[in-house]
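Presented below is the structure to which this report refers.
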Amino acid sequence: MPKKIATAILILLMSNTSFASSIQLNPLGDDNELMISQAINITGSCGGAVVRILGVEDYSENLNFYKVDIDSGNIIVRGNNFEVDAKDLLSDHNGVSCMDSSKSNAKYVMIWSNCSGSACGDDFSFYFIDPKNGKNVTPKSKSNICDANCASQFLGNNSPKSINQLE
């Protein structure tokens, strides 16, 4: 009997050390402590579709836009017969809002994004998802992207130009 108890204790000790070890992380660069950020998920609607914004790190209630973290973030637009995963549209700096178009009298899920490198420039690229069918209806400008001017023209208002200046 003591041999069985000793064997059981040995198995417990070995399994504890081999399966329960923690991962040690070190601070980045010259930092003294780990960088910890918190992100939240928000669910709302736009034009009849359900919009899930995952990995929100900051938001402005009065401007109705959200900053989405590139690592944990995603924007999902769901309607009756579609689901759009907009992760591929995201970069280092992102935002999303439900926008009214005075030009077409419709609502669009507007997503804006910009990388943080020197080759990216200061302007956001804007994308539009139609919440009625899930289609990417983003117009293309001469540079093959939709910048703030292109987005403002598409919506018929200057909201994208204002967002571009805020960021």
With the structure loaded, tell me whether G79 is touching a Gly at 6+ places or on another chain (Cβ under 6 Å) and closer than 19 Å to S45 by Cα or whether it fails that test.
yes
For the stretch 156-167, enumerate the residues that are touching a residue at least 12 places away in the same chain (Cβ under 8 Å) and closer than 23 Å to D58 by Cβ.
S159, P160, K161, I163, N164, L166, E167
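Yes/no per residue for (1) among the basic types (K, R); (2) more than 18 Å from D100 (Cβ to Cβ):
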site	(1), (2)
F124	no, yes
P131	no, no
V137	no, no
K140	yes, yes
N144	no, yes
D147	no, yes
C150	no, no
Q153	no, no
I163	no, no
In the stretch 123-136, which residues are loosely packed, with under 15 Cβ neighbours inside 10 Å and either without any contact (Cβ under 8 Å) to a residue 12 or more places away in the chain or under 19 Å from the mean Cα position of the chain (by Cα) (or both)?
K135, N136
Across the stretch 91-109, what is the total count of residues that are touching a residue at least 24 places away in the same chain (Cβ under 8 Å) and more than 19 Å from the chain's Cα centre (by Cα)?
7
Within the stretch 92-122, which residues are modelled with pLDDT under 85 and surrounded by fewer than 16 Cβ atoms within 10 Å (Cβ to Cβ)?
D92, C115, S116, G117, S118, A119, C120, G121, D122
Within the stretch 81-90, restricting attention to residues that are surrounded by fewer than 16 Cβ atoms within 10 Å (Cβ to Cβ) and within 12 Å of the chain's Cα centre (by Cα), which residue is modelled with the highest pLDDT?
D85
Can you find even one residue in the stretch 65-80 that is buried (at least 16 other Cβ atoms within 10 Å of the Cβ), acidic (D, E) and modelled with pLDDT of 85 or more?
no
Under 8 Å between Cβ atoms, at least 6 apart or on separate chains: pull out the pairs that start in the stretch 23-38 with a residue that is within 20 Å of D71 (Cα to Cα) and end on any residue that is charged (D, E, K, R) and in a loop (DSSP other than H, G, I, E, B).
P27/E33; S37/D69
If I ask for residues that are under 21 Å from the mean Cα position of the chain (by Cα) and not aliphatic (A, V, I, L, M), which ones from the stretch 137-167 would you list?
T138, C146, D147, S159, P160, K161, S162, N164, Q165, E167
Output the residue which, of all residues in the stretch 41-64 that are of a type in the set (D, E, K, R) and in a strand (DSSP E or B), is modelled with the highest pLDDT.
R52
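The values are calculated or read from the model by the stated rules, or taken from the named source; none is laboratory data. Quantities reported herein were computed from a predicted structural model and do not represent experimental measurements. Here Cβ is always computed from backbone atoms with ideal geometry, including for glycine, and neighbour counts include all displayed protein chains.
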